[in-house]
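Trainee: Got a structure here, written out as structure tokens. Questions coming.
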Amino acid sequence: MTNFSYDVQIWDIKPRKNRQGKITSYRLRWKVGKREFYESFKVRALADSFRADLLSAQRDGERFDTETGLPVQRAKDMPTMSWFEVTSRYVAMKWPDLAATARQTTVEALIRIMPVFVPEQAGKPEPKEIRSVLRQWGYNPPRLASGDAPISARRVLDWLSRHTDPVGSVTKPEVLRSLQRAVTRRLDGGAFAPSVARRTRSVLSNVLDYARTELKVLENNPLPDVKWTKMPKGKRKIDKRAVPNPVQARTLLQQIGQTPRSGPHLKAFFASMYYAALRPEEATWLGKENLSLPAPRTNAETGETEYDWGTIYLEGARPYIDGLWTDSGAVGECRPLKAREEGDVRAIPCHPELTGIFWCHIERYGYGPDGRLFVGERGGLISKVTYTKVFRAARAATFTDEVRRGPLLARPYDFRHAAVSTWLAAGLDPSLVALWAGQSVAVLLEVYASFLDGGEEAAKRQIEQALGHRPR
């Protein structure tokens, strides 16, 4: 099959502008046979130089490669490398500097993309086997370097190294169309969430930049000049129906405290999310040194115990992450606070109700050997499996079948949503709420500014009062 052509058209360089009219790059387009190619440059002089090289080769009667769009001799000078080889090198380069959670999201993104570059050939491993081997070994440099990979896994990796398409095939229109589907659609055909699609495309673009700038096996990264119409749109926001009102939240907390086995121990865990907007990984890592709680006092008239406002000083978190992605191999990883530097502290007011719940927990269970407030049955940290199981059991016992089928308090994280929404509904300054919640103001307003359940009805009544009595 002929893979070169003398039929070459080279167009003028076109500046590309952003919405403000500022030039962001210079784009050169040319055509070899029936295929179009393009390259973008930040500097006009580089674009002029590249165009001059193409024109010179055309005037000299050189053949152009129909796969790369380059003069044949220049195309031969560029080494080729399989997609699996490029991506495995990329993961190895990034791995030491990534947090465990970032390692997982990077690998999962590459696994979504891999089928685009796997040809239909005899001996091709099953897709499920490819995904498993890549996750367990191929994209896990420390495990792969250990030499413990089973023979079956090594066979899959060897096949991928020899048979996956070269990285240069990414410039083909049909490959770009397949990549769009892989980035935006799940295996079952459903759409990925906008955040997942954006993250996957970002990883893909970074890999192609790495292949171009460091490995020198790709002439250009086509993604910046490709507009994918199927990319899911939408802001990060929560369903306001998922956010409970105070009665609903307190009812579920009460039921959690009555759920057999781990429930009584976890009531304060979930309460810290509802009253102080802690993330689960922050609540898990909460210790004695993080709490400044005023001592309980007895009301002289009623004899009841009363509690005051305290302060929670957050210093870190322990996100749940499979040991496959951590340096130690243990489940979970100690991390600084989200979007904060090592050693940063976030101070959050502790509502009197939460102060009381904390004191009851401390009096009943004390602290763990390492000072942690919440300890598992075997002495370690509370696991995600444990608190999720308790939450689901309590929710099933609290709400009717109809409510359970809906989004109300469907996830533990909805307690945090309720806390932030409550602060906003109370009229607090968004910058203060963002500080307490550990978010930027922009993210806060985009994600958490939700109505409480029933909040719209209160707003409607306020409008009716403002307009006066409505005639019947």
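Trainee: Under the condition of being aromatic (Phe, Trp, Tyr) and part of a loop (DSSP other than H, G, I, E, B), which residue from the range 364-403 is nearest to PRO264 (Cα to Cα)?
Mentor: So, considering only residues that are aromatic (Phe, Trp, Tyr) and part of a loop (DSSP other than H, G, I, E, B), the one nearest to PRO264 (Cα to Cα) is PHE374.
Trainee: When you check PRO294 against the structure, is it in contact with a Phe, Trp or Tyr (Cβ under 8 Å, 6 or more places away or on another chain) and either surrounded by 19 or more Cβ atoms within 10 Å (Cβ to Cβ) or touching a residue at least 12 places away in the same chain (Cβ under 8 Å) (or both), yes or no?
Mentor: yes
Trainee: Anything in the range 179-197 that is assigned to a helix (DSSP H, G or I) and either at positive phi or surrounded by fewer than 16 Cβ atoms within 10 Å (Cβ to Cβ) (or both)? List them, or say none.
Mentor: ARG181, PRO194, SER195, listed by residue number.
Trainee: Also, quick follow-up: What number of residues within the range 290-334 are of a type in the set (Phe, Trp, Tyr) and part of a strand (DSSP E or B)?
Mentor: Here the count works out to 1.
Trainee: Right, something else. If you take the residues of the range 50-67 that are among the polar types (S, T, N, Q) and in contact with a Phe, Trp or Tyr (Cβ under 9 Å, 6 or more places away or on another chain), which of them is nearest to GLU174 (Cα to Cα)? First the steps, then the outcome.
Mentor: Here is the first cut: in the range 50-67, the residues among the polar types (S, T, N, Q) are 56, 58, 66.
Applying the additional criterion that residues be in contact with a Phe, Trp or Tyr (Cβ under 9 Å, 6 or more places away or on another chain) yields 58, 66.
On the way: GLN58: 27, THR66: 14 Å.
Selected residue: THR66.
Trainee: I need a count of the residues in the range 144-171 that are charged (D, E, K, R) and touching a residue at least 60 places away in the same chain (Cβ under 8 Å).
Mentor: Adding up the residues that qualify gives 2.
Trainee: Kindly provide the set of residues from the range 325-363 that are of a type in the set (D, E, K, R) and surrounded by 11 or more Cβ atoms within 10 Å (Cβ to Cβ), ordered by number. If you could, list the steps in order and put the result at the bottom.
Mentor: Our first condition is that a residue be of a type in the set (D, E, K, R); within the range 325-363, this holds for 327, 333, 335, 338, 340-342, 344, 346, 353, 363.
Within the range 325-363, ASP327, GLU333, ARG335, LYS338, ARG340, ASP344, ARG346, GLU353 qualify.
Trainee: Look through the range 106-142, keep the residues that are among the basic types (Lys, Arg) and touching a residue at least 60 places away in the same chain (Cβ under 8 Å), and return whichever of them is farthest from PRO173 (Cα to Cα).
Mentor: Filtering first and then ranking leaves ARG135.
Trainee: So LYS233 passes all but one of these: (1) under 29 Å from GLN439 (Cα atoms); (2) in a helix (DSSP H, G or I); (3) basic (Lys, Arg). Which condition number does it fail?
Mentor: Tallying (1) under 29 Å from GLN439 (Cα atoms); (2) in a helix (DSSP H, G or I); (3) basic (Lys, Arg), LYS233 fails exactly one: (2).
Trainee: Step by step: first the residues of the range 336-362, then only those that are hydrophobic (A, V, I, L, M, F, W, C) and in a loop (DSSP other than H, G, I, E, B), then the one that is nearest to TYR307 (Cα to Cα). Which residue is that?
Mentor: VAL345
Trainee: Another question about this same structure. Among the numbered criteria (1) touching a helix residue (DSSP H, G or I) at 6+ places or on another chain (Cβ under 6 Å); (2) assigned by TED's automatic domain parsing to the domain that holds VAL385; (3) in a loop (DSSP other than H, G, I, E, B), which single criterion is violated by LEU266?
Mentor: Tallying (1) touching a helix residue (DSSP H, G or I) at 6+ places or on another chain (Cβ under 6 Å); (2) assigned by TED's automatic domain parsing to the domain that holds VAL385; (3) in a loop (DSSP other than H, G, I, E, B), LEU266 fails exactly one: (3).
Trainee: I would also like to ask the following. Under the condition of being modelled with pLDDT under 90 and of a type in the set (Asp, Glu), which residue from the range 190-236 is nearest to VAL443 (Cα to Cα)?
Mentor: Per the criteria, the residue is ASP225.
Trainee: Within 30 Å of PRO142 (Cα to Cα), at pLDDT below 85 and surrounded by fewer than 12 Cβ atoms within 10 Å (Cβ to Cβ): is that true of PRO96 in this structure?
Mentor: No; evaluated as a whole, the condition is false for this residue.
Trainee: Consider only pairs whose beta carbons are under 9 Å apart and that are at least six residues apart or on different chains; among these, list those whose first residue lies in the range 84-105 and is touching a residue at least 12 places away in the same chain (Cβ under 8 Å) and farther than 18 Å from ARG318 by Cα and whose second residue is buried (at least 18 other Cβ atoms within 10 Å of the Cβ) and among the basic types (Lys, Arg).
Mentor: Between residues of the range 84-105 that are touching a residue at least 12 places away in the same chain (Cβ under 8 Å) and farther than 18 Å from ARG318 by Cα and residues that are buried (at least 18 other Cβ atoms within 10 Å of the Cβ) and among the basic types (Lys, Arg), the close pairs are VAL91/ARG103; LYS94/ARG103; TRP95/ARG103.
Trainee: I've got another one for you. Among the residues of the range 5-48, what is the count of those that are among the acidic types (Asp, Glu) and part of a strand (DSSP E or B)? Show your work before the answer.
Mentor: Residues of the range 5-48 among the acidic types (Asp, Glu): 7, 12, 36, 39, 48.
Restricting the remaining residues to those that are part of a strand (DSSP E or B) gives 36, 39.
Of the residues in the range 5-48, 2 are among the acidic types (Asp, Glu) and part of a strand (DSSP E or B).
Trainee: Now, a different point. Taking into account only those residues within the range 298-314 that are surrounded by 11 or more Cβ atoms within 10 Å (Cβ to Cβ) and among the charged types (D, E, K, R), which is farthest from CYS360 (Cα to Cα)?
Mentor: ASP308
The values are calculated or read from the model by the stated rules, or taken from the named source; none is laboratory data. Worth saying up front: this structure is predicted, and the values here are computed from it rather than measured. For neighbour counting, all protein chains shown are included, and Cβ atoms are generated from backbone atoms with ideal geometry for every residue, glycine included.
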